[in-house]
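Note sheet for the following structure.
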Amino acid sequence: MNTMTLYVEKDSPVHHLDPLVKLLYVVAAIALTYILPEPLFIAGVLFVTLLLLLVGKVFRNSLPILTLSLFLIFSLVIVQGFFHPDNVTELFSLGPLVFYEEGLYVALILVLRVLVMIGSFSVLILTTSPDEMVERLIKKGMSPRIGHVILSVLQLIPQMRATTSKITDAQRSRGMETEGSMLTRIKAFFPLMGPVVLNSLNETKERSIALEMRGFGSSMKKTFLNEEKQYPYNKLLGGIIIAIVILGIVWRVMA
Amino acid sequence: MNNNKKSMWSLKLSTAAIVLIPAAIGINYIGKLFASLLRLPLWLDSIGTVLAAMLAGPVIGAAAGIINNIIYGITVSPVSTVYAITSGAIGITVGIMAYKGWIENVKKATIVGLVTGLVAAIVSTPLNMIFWGGQTGNIWGDAFYTFLISNDVPQWLASFGDSIVVDVPDKVVTVLISYFIFKGLPKSLTNIYRQDSEIEEL
């Protein structure tokens, strides 16, 4: 079935890792950039993250995710470089505006941090299928209801996206204007949105009846369709990640 | 007032209320899609969250908001996961105010929008400070931030201004649109989600 996901199906060591270990890695990588806010250190974390992307054979797939945040990165450098309150040392000037070294330093840390965040998230979402992740989380005690919500959204959105083009065409053929002044475009929003909302709310009614017929609301322990996958290096890798974070904290406290 | 009435905070969620969450997230997504299709200058990406909060109260509203951003984070843009807390706060605010009868008319709904925008800005400011040094990555907001900073306004206040400029207009319009949609819904639909509804016995 058509689902909305960035998961890239490939065969790599990173793909075979436990989703929870990857989740732990995301949290640890981001936490480390705050525990030791040195550009060189954050660059090290970034390097490890990029290495994981390369090992997972998904480096190229992570680039589109990065481009979404390019404006943020650009804006960070410009605004902090020119206007950070601690700015003293001049680097260069553009007319009346002066670009400062302190601001650039702050921006460097922020940008590296954003990159670590996007990179580590990419490791997780590009190499883990949502099904596997949700099932793992449910086994660890997350409510199966939340699991259902997450997985059904991933299926629902492509379906809804398909209906939007139908609705747009239908309303246009009835004479709705989608071009022109701001007011015309604002007016067009309602006839487009209305049917989508009504449609999806009507569907929830049917869905809830169908689910209750299958014991969704029951408090009995749920069983799983798929056999549990084995993750051999789970404890070792989890331990290493936690040890590095603790080491980072100790370093920060000592220095 | 009425002891038989279940509290709006009840965590015993009906199946209908739970399946409302994916629908709300889908509506959020489609709202954003249509807004960019029509080249509207706002995001309008929380209509579903606001509607869910109006229909089923603060708990479902908050859940829809938080899960929305997590899913957006794992499918489109990781950065948006940061704002899961903001979305949750939006759901709670609208849910409480709707429950207290603040969505009776357009005037009141506008106030709900203003309050929601303010709450969103208050919650977003610390997040923006922690993650991006006070900026939001939105061109108008960051321009305002730059203006404030260069006028020697403290960083956190400038960051708050940045969020206000971005959030308040968007949330007012979002709540109003949701209000008009909500008012247009048939009663047979709006009744099935409420947590506090009484079952009358003969």
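No lab work stands behind these numbers, since they all come straight from the coordinates. Because the structure is predicted, anything quoted here is derived from the model rather than measured. As a convention, Cβ positions derive from the backbone with ideal geometry for all residues, glycine included, and neighbour counts pool all protein chains shown.
Under the combined filter of DSSP loop state and at most 11 neighbouring Cβ atoms within 10 Å, segment B:59-149 retains these trypsin sites (Lys or Arg not before Pro): B:LYS100. Stretched out straight at 0.36 nm per residue, the stretch from A:LEU97 to A:THR163 would grow longer than its current Cα-Cα span by 18.8 nm. Going from the fewest other Cβ atoms within 10 Å to the most, the residues B:MET54, A:MET133, B:MET8 appear in the order B:MET8, A:MET133, B:MET54. Extension gain for A:TYR105 to A:ASN226 (0.36 nm times residue separation, less C-alpha to C-alpha distance): 38.6 nm. Applying a DSSP loop filter and a limit of 10 other Cβ atoms within 10 Å to the GluC sites (Glu not before Pro) in segment A:116-198 leaves A:GLU179.
Taking all Cα pairs closer than 8 Å and separated by 6 or more residues, the relative contact order of chain A comes to 29 percent.
In terms of the mean number of neighbouring beta-carbon atoms within 10 Å, the peptides B:90-98, A:98-106 order highest first as B:90-98, A:98-106.
The angle between the Cα long axis of helix B:84-99 and the longest principal axis of the Cα atoms of chain B comes to about 40 degrees, rounded to the nearest 10. Please state the shape class of chain A: rounded when a/c is under 1.5, otherwise prolate if a/b exceeds b/c and oblate if not, all from the C-alpha gyration tensor. Oblate, since a/c reaches 1.5 and b/c is not below a/b.
Where in segment A:144-218 are there trypsin sites (Lys or Arg not before Pro) that are in a DSSP coil and have at most 12 other Cβ atoms within 10 angstrom of their Cβ?
Details: sites: A:ARG145, A:ARG161, A:LYS166, A:ARG172, A:ARG174, A:ARG185, A:LYS187, A:LYS205, A:ARG207, A:ARG214; in loops: A:ARG174, A:ARG214.
Here the trypsin sites (Lys or Arg not before Pro) that fit, given the DSSP loop and packing criteria, are A:ARG174, A:ARG214.
Shape class for chain B, computed from the alpha carbon gyration tensor (a ≥ b ≥ c): prolate, with a/c not under 1.5 and a/b above b/c.
As a length-normalised measure over Cα pairs under 8 Å and 6 or more apart, the relative contact order of chain B settles at 25 percent.
Overall, the ratio between the Cα radius of gyration of the protein assembly as shown and 2.2 N^0.38 Å, rounded to two decimals, is 1.04. Counting beta carbons within 10 Å around each of B:THR86, B:THR110, A:THR67 and listing the fewest first gives the order A:THR67, B:THR110, B:THR86. Based on the alpha-carbon gyration tensor of segment A:143-213 and its eigenvalue square roots a ≥ b ≥ c, which shape applies: rounded if a/c is under 1.5, prolate if not and a/b is larger than b/c, or oblate? Because a/c hits 1.5 or more and a/b exceeds b/c, segment A:143-213 counts as prolate. The mean number of Cβ atoms from other chains found within 10 Å of a Cβ in peptide A:127-133 is 1, as a whole number. Per residue of peptide A:68-75, the mean number of Cβ atoms on other chains within 10 Å of the residue Cβ is 5. Per-residue mean of foreign Cβ neighbours for A:113-121 is 3 (Cβ atoms of other chains, 10 Å radius).
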